[in-house]
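Right, one structure below, let's go through it.
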Amino acid sequence: MSQAAVLDHTLDVEPAESPLTPESWGKLGMWLFLAGDAMSFGGLIAAYAALRFGDPNWPIPSTILGVPFTAVMTFLLICSSVTMVKALESIKHGDHAGLRKFLGLTIIGGLCFLGMQAREYSHLIEHVMTLTNKGLFGSTFFVLTGFHGCHVFSGVVYLTCILLSSGKYTKDNHNSVEIVGLYWHFVDLVWILIFTFVYLV
Amino acid sequence: MDIEHEEPNYMKIFYWLVALTVAELAVAQMPEGMRKLMVAALIALAFIKAALVAMYFMHLKFEKHILAMVAVIPPILLGMFLFITYPDTAWRLFTQWAAH
């Protein structure tokens, strides 16, 4: 049939705008993902709180964990959030070099955080405690910080992918950069909470 | 289209975050006798920092309000559920501990 050879455009419509985030469906998708991820972390933190405050003999974290070292890690992650925001600001002004520079710095920040966490873990495992030999203190610590560390790692991979494809972003097409930024800021936000509840309280 | 607004001063937010982190470290040094106050202060400081990151770095302050609700209401609901169920858990854990 000749009709099969002709594309039918009578039903073409503009793609629908995302209701909550008109500029990008991906942004809404990321927000929804983060809301769910917040539930995962929330569940782990809630379980940690219930276990900890149900046990009057829970050790004081600052006597076992290295708080100053971890404070530097916190500072590092906050800095990487700033470089992320600067990366987005750069591409919003069409500055590709700035985008790549700040994305690179964000990735380096994430890698340094992971390196420091690896150092912290090896010190703890060698001299203090492992996942299983210090009861609930050890297991809640490693699961909570480890789950977060996995998020940092996947964030670094994700950021690297965006950096590698950074040539295609422009002043008007940078939703992907904004979206990776949302993920990265979420990872920072969760760390702020974990640092407070696991190390300081 | 991106909602038109002035770009927030990101460096100012950064300095606030650093200052609040230093404040948290200072509060953590409070003596044992003031533990309840210390915990309350730490929780407050942590949530203020989290709010700064969410509102300015994640741009929530400048998005449609309903998006902020999508992000914020689930954790609030979680908090409510924990508030309702925690006394039960705490009692159960306490009786187990007391029995030993």
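Each value in this text was obtained by applying a stated rule to the coordinates, not by laboratory testing. This one's a predicted model, so the numbers in the text were calculated from it and none came from an experiment. Reconstructed Cβ throughout: ideal geometry from the backbone, glycine too, with neighbour counts over all protein chains shown.
For segment A:45-60, the Karplus equation 6.51 cos²θ - 1.76 cosθ + 1.60, evaluated at θ = phi - 60°, returns couplings of 5, 5, 4, 4, 5, 4, 5, 5, 7, x, 10, x, 9, 5, x, 7 Hz by residue, with Gly and Pro reported as x.
Couplings 3J(HN,Hα) for segment A:10-22, derived from phi with the Karplus relation 6.51 cos²θ - 1.76 cosθ + 1.60 (θ = phi - 60°), are 5, 9, 4, 10, 5, x, 5, 7, 5, x, 9, 9, x Hz, where x marks Gly and Pro. Rounding to the nearest 10 and keeping the result within 0 to 90°, find how far the Cα-based axis of helix B:65-98 lies from the longest principal axis of chain B. With both axes taken from Cα atoms, the answer is about 10 degrees. At an R0 of 30 angstrom, the distance between the Cβ atoms of B:F62 and A:I108 translates into a FRET efficiency of 0.60.
What's the average, rounded to a whole number, of partner chain beta-carbon atoms within 10 Å of each residue's beta-carbon in B:46-53?
Rounded to a whole number, the mean comes out at 5.
Return a whole-number percent for the relative contact order of segment A:19-129, with Cα pairs under 8 Å and 6 or more residues apart as the contact set. Reported relative contact order: 21 percent. Would you mind checking A:K168/B:K64; A:K171/B:K64; A:K27/A:K168; A:K171/B:K12; A:K134/B:K49; A:K101/A:K168 for any pair whose Cα atoms are more than 20 angstrom apart? In this structure, A:K168/B:K64; A:K171/B:K64; A:K171/B:K12; A:K134/B:K49 lie more than 20 Å apart at Cα.
Shielding by partners for peptide B:30-41, expressed as the average number of C-beta atoms from other protein chains within 10 Å of each residue's C-beta, is 1. The calculated 222 nm mean residue ellipticity attributable to helices in chain A amounts to -24500 deg cm²/dmol, summing -39500 (n - 2.57) over DSSP H runs of n ≥ 4 and dividing by all residues. In summary, the aspartates and glutamates within cross-link reach of A:K92, defined as a Cα separation below 15 angstrom excluding same-chain residues under 8 places away, comprise A:E23, A:D172, A:E178, B:D2, B:E4, B:E6, B:E7. For the pair segment A:32-104 and segment B:1-72, the centres of their Cα atoms are 12 angstrom apart. How high is the relative contact order of segment B:1-63, given as a whole-number percent (alpha carbon pairs under 8 Å, six or more residues apart)? Relative contact order of segment B:1-63: 44 percent.
The residues neighbouring A:L189, those whose beta-carbon lies less than 15 Å from its own, together hold a net charge of -1 under the Lys/Arg +1, Asp/Glu -1 convention. Taking label points 7 Å from Cα along the Cα-to-Cβ direction, A:F153 and A:A118 give a separation of 1.0 nm.
Here's how it looks for A:K134: its modeled amide H is under 5 Å from those of A:S139, which are all 5 or more places away or on a different chain.
When the chain is fully extended, how far beyond the present Cα-Cα distance does B:M34 get from B:N9, taking 0.36 nm per residue of separation?
5.4 nm
Relative contact order for chain A using alpha-carbon pairs under 8 Å, separation at least 6, rounded to a whole percent?
Worked out over chain A, it gives 30 percent.
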